[in-house]
Structures are given as structure tokens and as C-alpha cells.
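Notes follow the structure.
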Amino acid sequence: MSTPERLQEIARTPTPISMLDHWANSRPKHVAFIARDEIWTYQRLATEADRVARGFLAHGLRPGDRVALHMANLPEMIVAYYACFRTGAIASPLNNRFKTAELKQVLQRLQPALYIGQAELYAAVAAVDSRILPLSARYIVGGPLDADGAQPWASLLEDSADIAMPSVPDIDSPAVLLTTSGTTGQPKFVTHTPATLSAISDVWEQFGMEKGDVISLLLPMVHASGLFVFLMSIRLGARMVVFERFDADAVLDGIEAHRCNWVSGLPFMHAVLLETQLRQPRNVDSLRFCLSGGDVCPQEVQQEFPYAFGVPLCSIWAASETVGSLSFGRQVGPVSRVAPGAQTRLLDVNGAPVPRGAIGELWVHGPNVTVGYWGGPGRIEKATTRDGWFPTGDLMRQGEGDDLWFVSRKKDLIIRGGSNISPAEVERVLKNHPAVRDAAVFGVPDAVLGERVIGLVQLTENASPTAREDILASVKAALADYKVPERLEVVSEIPRNGLGKIDRKLLRVTNGVCP
């Protein structure tokens with residue numbers, strides 16, 4: 001592409017930073033978000049982002065340098081993201097649930113030029129070797145500082161107008177690195193650019209967002225789910241109510257106080273919100289749209305949700321690598337729809353399209369798809385095929401019209417005696433039993449059948465002593481015999497990873513199965 005064409009494309013692309021500038025100039029006093037009852041206008045957000053961007057430059061940051069962000073949903077997290085976008089630094093959010101060993105591994109690979117962390121999370125980073133993360137590169141938000149050389153966030157704020165801001169970053173250069181859940185080994189760094197972030201932000205209408213909405217943000221912005229909701233809201237020029245962490249009472253109080261219209265959360269969040277609202281109802285009649293994603297939502301939660309909240313709970317599929325290819329489903333269950341204009345395929349193991357109703361792997365194509373997995377400065381491992389198609393690793397079947405029903409992760413599929421079993425399907429049936437609070441299903445090797453089905457259940461507080469037998473009986477009545485767990489164990493808790501998904505790798509390890 002010639003230089004004039006390239007400049008025209010950059011000018012036309014509504015990048016995260018250009019959209020913030022647009023609203024800061026056209027509606028400076030309009031509320032961008034409310035956090036801890038503190039109001040942030042678009043003008044204030046843009047001004048603070050510029051100050052921190054100049055602070056980055058004053059500390060020697062260059063385009064392509066990584067900035068590790070280790071915070072809950074704080075205003076400083078939002079400001080730091082935009083400072084990265086402004087300077088061309090790569091925002092690299094860290095999973096807040098990671099322990100020291102996990103953080104050390106991630107930081108060693110990232111080699112960040114700066115670390116910006118929340119004081120109450122910093123203990124997990126404090127012990128990381130200074131050769132991996134120099135003490136002079138550590139900046140802390142809130143709380144008293146330890147005497148290890150870390151500096152306060154305030155020292156990054158730079159008012160000097162003498163520091164020249166860089167030109168507009170290349171729309172195809174890495175802007176954000178999102179860590180995968182790491183269930184298959186070392187987490188990967190999913191790479192998004194201003195161009196892919198722009199394409200994702202452009203699809204806000206299909207997620208039920210409308211101009212004038214008040215959006216409730218309870219998903220953590222260190223993950224794709226929270227970040228993309230925030231960016232879509234800024235693209236729309238909407239108002240957000242930002243919750244530092246998920247707390248059902250605080251969220252319901254916030255919806256009532258701020259008259260929120262739009263909520264997106266993980267299935268477990270909606271389950272807790274439902275339970276809390278039934279126990280202590282709030283006025284939530286302002287809600288117009290509620291979305292569940294990130295994992296399979298229990299059908300009973302979807303079925304009961306409208307009675308407590310007055311609106312349906314819509315289910316959606318998405319991945320850190322691609323958001324916007326599928327829209328929310330119209331039916332109860334693990335169903336999504338192909339989004340208008342999206343390119344999708346369901347392919348068999350040989351790469352051939354499967355007929356309607358048959359199970360195939362979902363492949364997607366479009367400008368919203370990641371450019372690849374970051375392997376180091378200037379090194380990106382392509383995530384797509386030569387012609388730009390991304391294999392999601394998720395097995396689905398097409399129902400009526402444009403409905404796509406989620407079946408299982410391809411790697412999680414259990415093959416018993418030549419028959420395919422979806423753990424998600426068995427888990428849904430287990431969770432339908434009133435005595436089951438949570439459930440997990442996985443396969444273990446078997447010399448005769450290839451694999452056998454193992455089930456774990458976490459019981460409710462009022463479960464009867466015969467609950468295990470009752471649960472098995474209900475599963476046998478609902479599923480073919482080969483799908484029924486051959487071993488069902490009661491556990492105190494179902495292990496989940498940093499994204500709240502069932503940690504099947506840990507399940508296999510603890511049950512003597514090699515990962």
C-alpha cells in the first residue's frame with residue numbers, strides 16, 4: 001500500500017485513542033465513567049492519559065516497549081491503557097489471580113520497561129528477581145510503599161508540555177498483549193493492534209449497546225472481556241459504572257443507583273447476582289440488556305433470570321483472539337448467532353464443511369481477529385492460516401437459521417469407545433439437579449475404551465445425604481448411558497483458572513493423568 005493510501009486508512013480508522021480524543025473535544029464534560037463514586041469526564045480521562053503518556057516518555061519508554069498492568073478496575077488502570085495507546089507502548093495486563101511463580105514466568109517473557117501495580121496485589125511481584133523486573137521500573141498505585149525501591153504512581157504524572165508526543169502509532173503494530181488462560185501449558189500472549197481493537201469496538205450494536213446507555217462494567221479489564229466492553233463503550237461515547245471487583249451487592253446497588261441499562265458478566269457472576277437479587281431485591285427496572293459469556297451459562301440461571309431482573313440473560317461465544325464474529329443467542333442454552341457480515345465456517349477434521357446439524361470446529365475470518373501470538377520484540381507467531389482463517393478450537397453445530405450451538409472445546413472432548421462426549425453437555429445436566437452448586441467432567445485414559453468419564457460435583461448447603469445417588473439417577477434419565485459419569489465424586493470446590501473457567505489441566509494432574 002502506498003504512503004498516501006496508508007495515511008488515509010489511518011485517518012479513517014477510529015482507534016481507541018482517536019475515539020477518546022473525539023469525545024474529549026466534542027463532549028468534554030460528558031461522563032466517561034464513574035468509579036468509587038468519582039466522576040471521570042472524557043476531558044479528564046484524556047488529560048490524565050496525556051500526563052501519564054508524557055511520564056512514560058520522560059522515563060525513556062519507546063514504541064514497542066511493554067508496560068505490565070497489574071490492577072483491578074481502577075481509574076489508574078484505564079488511564080494507563082490510554083497512555084500506552086498514546087505512546088505506542090504495548091499494554092500488557094497481568095492476571096490478578098496469578099501467584100508469584102506464574103507472574104515471574106510471564107514477566108520474564110515480557111521483559112517490561114515498566115510495571116504499574118496495585119499496592120494490595122504487589123506482594124506477589126515484590127519477590128520477583130530485579131534482573132527480571134528492575135526495582136526502578138516498578139510503580140505502585142495506592143497504599144504505603146515497601147522499602148524495595150518501588151515508586152508511587154504519582155511520580156509518573158508529567159505536566160511538562162516540553163516533552164514531544166510521538167506521531168500516531170502504526171495501526172498494525174501491537175497495542176495490547178492478552179494472556180490466555182494457560183490451561184494447556186504456558187499462557188500465550190494474544191496480540192491486538194489499534195486496527196483489530198477498532199474492528200472489535202465497531203460491533204457494539206450487535207451486543208445490545210445503544211447510545212445513551214449506562215453500562216455496568218464488572219468484568220476485569222486485565223482480561224479481554226472487560227477491556228473490550230470498556231473500549232466498545234468509549235467507541236459509543238456511553239457512560240460506564242466501573243466496579244473495582246465483582247461484588248454482587250455492590251453491583252446491584254450500582255445498577256439501582258445509576259440506572260444501568262447494560263450488563264455483561266461471566267456465568268458464575270450472573271448466578272450470584274440472581275441469588276442475591278432473589279434474597280434482597282433492588283430496583284433494576286432500568287436494565288434493558290444482560291449478556292453472559294466466557295463459559296457455558298447454566299440453563300436454570302438463564303431460565304430464572306428474567307423473573308428476577310425483568311429481561312432475558314443472553315448467551316454469547318467469544319475468545320480473546322476474536323470478538324465480534326458471533327452475536328448473542330435468542331434461545332436458552334449455549335447458543336450464539338453468526339453476526340451480520342461475519343465470516344465463519346464449521347469444518348471437520350479434514351477441513352471440509354460439515355452439513356447443518358453436524359458438529360464441526362468453528363473457524364472465523366475478519367479484521368477483528370488477532371494478528372497472532374507475541375513471542376518477543378518483532379516476533380509474532382501467526383494464529384491464522386495463510387488465507388487469514390482462525391481455528392478457534394471450539395466444536396459447534398449449526399441449528400436453525402444462523403444459530404450456532406456450542407458443544408465442547410476440541411481438546412476437552414472425551415472419546416469413549418469411539419463415541420464423542422462433550423464435558424459441557426454432561427456438566428449442564430449435572431448442574432440442573434437442585435443439589436448441585438457446581439460441576440466438572442473430564443476423561444481419564446482407559447485401556448479398553450480409550451477414555452472413561454469422571455464427574456465432580458460441589459453440593460449445595462442443604463443437599464441430602466443421598467444426593468450423590470439422586471444426582472446419578474437424574475443424569476441416567478437424561479443422557480445416553482455412555483455419557484453418564486462412571487465415577488461421580490463430591491468435592492468441596494471445583495478448581496477454576498484465572499479466568500474463572502474449569503481448570504481441566506489441574507483436574508487431570510490431580511487424578512494422575514498426564515497434562
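Within segment 133-151, can one find any residue that is assigned to a loop (DSSP other than H, G, I, E, B) and β-branched (V, I, T)? The answer is no; no qualifying residue exists. Quick one: which of D253, D285, D295 is under 15 Å from the mean Cα position of the chain (by Cα) and either surrounded by 18 or more Cβ atoms within 10 Å (Cβ to Cβ) or not assigned by TED's automatic domain parsing to the domain that holds P334 (or both)? On inspection, the qualifying residue turns out to be D295.
Of the residues making up segment 183-227, those that are hydroxyl-bearing (S, T, Y) and in a helix (DSSP H, G or I) are T196, S198, S201, S225.
Scanning segment 111-132 for residues that are assigned to a helix (DSSP H, G or I) and in contact with a Gly (Cβ under 8 Å, 6 or more places away or on another chain) yields A119, E120, V125. Inside segment 23-79, residues that are in contact with a Lys or Arg (Cβ under 8 Å, 6 or more places away or on another chain) and farther than 24 Å from L178 by Cα make up a count of 6. Just checking, how many residues over segment 135-147 are surrounded by 12 or more Cβ atoms within 10 Å (Cβ to Cβ) and modelled with pLDDT under 75? Qualifying residue count for the region: 2. For beta carbons closer than 6 Å, sequence separation of 6+ or different chains, a first residue in segment 471-497 that is loosely packed, with under 13 Cβ neighbours inside 10 Å and a second that is among the hydroxyl-bearing types (S, T, Y), there are no qualifying pairs.
Scanning segment 23-47 for residues being over 25 Å from the mean Cα position of the chain (by Cα) and either in contact (Cβ under 8 Å) with a residue 40 or more places away in the chain or assigned by TED's automatic domain parsing to the domain that holds S233 (or both) gives a total of 3. Taking segment 273-282 as the range and being part of a helix (DSSP H, G or I), surrounded by fewer than 17 Cβ atoms within 10 Å (Cβ to Cβ) and touching a helix residue (DSSP H, G or I) at 6+ places or on another chain (Cβ under 8 Å) as the test, the residues that pass are E275, L278. Considering G372, G393, G388, the condition of being closer than 19 Å to G324 by Cα, surrounded by fewer than 17 Cβ atoms within 10 Å (Cβ to Cβ) and either aromatic (F, W, Y) or touching a residue at least 24 places away in the same chain (Cβ under 8 Å) (or both) is satisfied by G393 alone.
In summary, D162 fulfils each of the numbered conditions (1) touching a residue at least 24 places away in the same chain (Cβ under 8 Å); (2) over 30 Å from P495 (Cβ atoms) with the single exception of condition (1).
Taking segment 1-85 and the strands (runs of 3 or more DSSP E) fully enclosed by it, the elements with 1 or more residues that are within 24 Å of D170 (Cα to Cα) and either among the basic types (K, R) or at pLDDT 90 or above (or both) are at 66-70.
Would you say G455 is over 30 Å from P340 (Cβ atoms), modelled with pLDDT of 90 or more, touching a strand residue (DSSP E or B) at 6+ places or on another chain (Cβ under 6 Å) and in a strand (DSSP E or B)? Here the answer is yes, as G455 does meet what is asked. Under the condition of being in a loop (DSSP other than H, G, I, E, B) and in contact with a Cys (Cβ under 6 Å, 6 or more places away or on another chain), the residues counted in segment 290-345 number 1.
To keep it simple, each residue is scored yes or no on (1) closer than 27 Å to P187 by Cα; (2) within 30 Å of the chain's Cα centre (by Cα); (3) of a type outside the set (A, V, I, L, M, F, W, C).
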residue	(1), (2), (3)
A439	yes, yes, no
G443	yes, yes, yes
I454	yes, yes, no
P465	no, no, yes
L479	no, no, no
E486	no, no, yes
I494	yes, yes, no
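Taking (1) within 24 Å of R36 (Cα to Cα); (2) surrounded by 20 or more Cβ atoms within 10 Å (Cβ to Cβ); (3) at pLDDT 95 or above in turn, H223 satisfies each apart from (3).
The values are calculated or read from the model by the stated rules, or taken from the named source; none is laboratory data. Note that the coordinates shown come from a computational prediction; the quantities given were computed from them, not determined experimentally. Because the Cβ atoms are built from the backbone with ideal geometry, glycine has one as well, and the counts that use them run over all protein chains shown.
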